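Values in this text are rule-based calculations from the coordinates and carry no lab data. Quick caveat: nothing in here was measured; it's all calculated off a predicted structure. Every residue, glycine as well, gets a Cβ built from its backbone with ideal geometry; the counts of neighbours run over all protein chains shown.
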Amino acid sequence: MEAVIQLKNVSRRFGEVQAVRDLTLEVYRGEIFGFLGHNGAGKTTTIRLVNGVLEADQGKIRVLGFDPQTQGPQLRARTGVITETASMDNRLTALDNLTIYADLYGVPRAEVKTRVSGLLAQFELAERANDRVAAFSTGMRQRLAFARALLHQPEILFLDEPTSGLDPMAARQVHSLVTHLAREEKRTVFICTHNLVEAQRLCDRVAVMEHGQLVAVGSPHELASRYVRRLMVNLETDPAQRESALEILAAAGALVDGQPELANGGLRFAAAGREAIPQTLSLLVNKGIRVYHLSAEEPDLEDVYFALHAGKEQ
Amino acid sequence: MNWRVLMAIVKKDLKVVAQNRSVVIPILMVPLILFGALPWLAVLVPGSINMGGSTMNDIAPLLAKLPANLTAELAPYNLEQKTVIFFLVYLLAPMFLIIPLMVSSVIAADSIAGERERRTLEALLYTPTSDRELLLGKLLSAWLAAVATAAAGFLLYSVMVNLAAWQVVGAVFFPNMMWLVMVFWVAPAAAGLGLSVMVLVSARAQGFQDAYQMGGMVVLPILLLVFGQATGVMFFSTGLVVLLGLGLWLVDAGLLWYGRRFFRREALVSRL
Ligand SMILES: Nc1ncnc2c1ncn2[C@@H]1O[C@H](COP(=O)(O)OP(=O)(O)OP(=O)(O)O)[C@@H](O)[C@H]1O
Ligand SMILES: [Mg+2]
């Protein structure tokens, strides 16, 4: 797999604040990479470092083979960024915003017109092309930001919290767009988000940042099996045997983290990881319990996120 | 240097600034009053205009103090004509520099401090422009607008001065060599002063209004020139104006040399 973004021991501080600390990370071509972390974890700073808008204090960064510090312009010609605030010129029309940026991004002159009108149409802004952006809704502004970021057909797209402030419909549009850009158009997407459900659904791999440091990286599934130490299990037995089933589980130490609860005529309890499932099953069956249903709830990124955070707080 | 990029920045800044009333109104009104109305007022209502303590009515003592070259230039005219010509051509000359200074600093305030305040600067930082192109584009938009406004003001003034003074002088006497030097040499340098001061001010200013007010100080040296002439300390002449322009260009260069460090991405983004 080809790494299009490489960071090696990268650090950056602002006065007393260590915004990014010793960050080592690779992002591969064509993947949707999620960058998670609390407010102030260093996500935006990382995007700025990687695009040569900020300079690293230490460490080495390569993006598409370029050094952002010395080859910023060449590099930025091949990346697109949607910043945290839409940063659209409210006083200009949608059309002006795009054509001026087409010049700034060096879109071949002969193609400016077709690309701009194509993007305006794609993002359902064609009818409002000559209106000033000041009159646009947040969703329209975000669509225009996408159009602007795609003008020069960048290989890597950085999205800094692209769905915050959007309604569910608009957010879903962003999701399908991101999937399309990565799967059909083979672009790499680097997406910062606080929305764990979004990251779970979209991302091939995610990195979790905390206070400028990388605490975990991997696919949502990998992270779940690596970091989530408890798993919610649903068990349904013959109702008459429920009490004895509980006693057997408790005696075997299969229950972790609080008391089981009654749910849907069955039991729901926390077990210690995936291996607990076959163990529980054979234990119950050997003791003559009639098991009708046993299932584990797949842990998701939310569980990972809180598991990682809980680990840090202890 | 990529001209397409520079022109794109110029186009963007000027289109954006054209929507800001607190920029556009002074840019239109000040030249109209200064160059459109002032000559008529000066000729028709002598005594109405007070330049640093001396009105048209008491210019006579000043005329006596003129250096030889100016005395020679005014020799063919009678006292009334001398008074009008001296007032319109020489005493008002430093006021002309207010235009490029004001226009360039107001536009630079909007395109630099204002852009940061509107949070549109960040998108610009992610474009494949170099720091130098970004700065040059910003400088160029304010500078071009200022020089164009000064040139338009000069044309207006040329017409108005000759028209207003026709009854008294009966000949076309404007512009002279000194004014040509003012327009093509000193005014562009004054525009440069306005914007290079603004680059420095914008590094500290909170937003457009803040920068606008701090930048207003650049007009002070002009008032000094006006006052200097009105009290007979010095008189505008072609030679003096050439030197004045040279001095301004040097100051511009120095300020920009010092100020360009505030215009690196690193410095700009740290203050977003
Ligand atoms: N230009 C700057 N000057 C000073 N401090 C900064 C600057 N940029 C970021 N910081 C600090 O660095 C830390 C990381 O900020 P950053 O914006 O990268 O976080 P983030 O993960 O993007 O947060 P959020 O989720 O709120 O967007 C924060 O403590 C922030 O206050
Ligand atoms: Mg951020």
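Taking only Cα atoms and a 10 Å spring cutoff, compute GNM fluctuations for chain A and point out the largest among A:93, A:83, A:45. Checking each option, the largest mean-square fluctuation is seen for A:93.
Ranked from largest, the principal axis spans of the Cα set of segment A:229-298 equal 30, 24, 19 Å. Annotation: peptides B:253-262, A:19-28, B:187-196, ranked by per-residue average of other Cβ atoms within 10 Å with the highest first, follow the order B:187-196, A:19-28, B:253-262. Neighbouring Cβ atoms from other chains, within 10 Å of the Cβ of residues in B:235-241, number 0 on average.
Per residue, the average separation of C-alpha pairs within less than 8 Å and at least 6 apart gives chain A a relative contact order of 19 percent.
Computed from Cα atoms, the angle from the helix B:220-230 axis to the main principal axis of chain B rounds to 10 degrees. Computed FRET efficiency, Cβ-Cβ of residue A:167 and residue A:74, R0 41 Å: what is it to the nearest 0.05? Efficiency, rounded to the nearest 0.05: 0.60.
What you get for the protein assembly as shown, charging only the Cβ of Lys and Arg (+1) and of Asp and Glu (-1), is a dipole of about 1180 debye around the Cα centre. If all Cα-Cα distances of segment A:1-115 are sorted into 10 Å bins from 0 onward, what percent lands in each bin, rounded to whole numbers? Binned Cα distances yield the sequence 12, 37, 32, 16, 2. Measuring against 20 Å, Cα to Cα, the residue pairs A:113/B:138; B:15/B:138; B:11/B:138; A:113/B:11 contain A:113/B:138 as the ones spanning a longer distance.
If a/c stays under 1.5 just call it rounded; otherwise compare a/b with b/c (prolate if a/b is bigger, oblate if not). Do that for segment B:205-270, with a ≥ b ≥ c from the square roots of the Cα gyration tensor eigenvalues. Judged from the Cα gyration tensor, segment B:205-270 comes out oblate (a/c at least 1.5, b/c at or above a/b).
Cα-based Rg of segment B:177-234 per 2.2 N^0.38 Å, rounded to two decimals? Against the compact-globule rule of thumb, the ratio is 1.38. Quick one: angle between helix A:301-313 and the longest Cα principal axis of chain A, in degrees between 0 and 90, rounded to 10, please. Here the helix axis deviates by roughly 80 degrees. Which FRET efficiency value, to the nearest 0.05, do you get for residue B:72 and residue B:132 by plugging their Cβ-Cβ distance into 1/(1 + (r/R0)^6) with R0 = 56 Å? The formula returns an efficiency of 0.70 here. Remark: relative contact order (chain B) = 29 percent; criterion is Cα-Cα distance under 8 angstrom and separation of 6 or more residues. Once the Cα-Cα distance is subtracted from the 0.36 nm per residue extended length, the residue A:281 to residue A:114 segment shows a gain of 53.8 nm.
Size of chain A: Rg and Dmax of its alpha carbons, in Å, are 24.4, 78. Taking label positions 7 Å along the Cα-Cβ direction at both residue B:41 and residue A:1, the computed distance is 7.4 nm, reported to one decimal. Comparing A:292, A:101, A:227 in a Gaussian network model of chain A where C-alpha atoms under 10 Å apart are linked, the largest mean-square fluctuation is found at A:292. Mind running the shape call on the protein assembly as shown? Use the C-alpha gyration tensor, a ≥ b ≥ c as the square roots of the eigenvalues: rounded below 1.5 for a/c, prolate if a/b tops b/c, oblate otherwise. It comes out prolate by the Cα gyration axes. Each helix, a run of at least 4 DSSP H residues, gives -39500 (n - 2.57); summed and divided by the residues of chain B, these come to -19500 deg cm²/dmol at 222 nm.
In chain A, helices alone account for a calculated mean residue ellipticity at 222 nm of -11500 deg cm²/dmol, with every DSSP H run of four or more residues adding -39,500 (n - 2.57).
If I fit a long axis through the Cα atoms of helix B:238-259 and take the longest principal axis of the Cα atoms of chain B, what angle between them do I get, 0 to 90°, rounded to 10? Taking the Cα atoms of chain B, the angle to B:238-259 is about 20 degrees. Any idea what the relative contact order of segment A:52-172 is, in percent, if you count C-alpha pairs under 8 Å spaced at least 6 apart? Worked out over segment A:52-172, it gives 35 percent.
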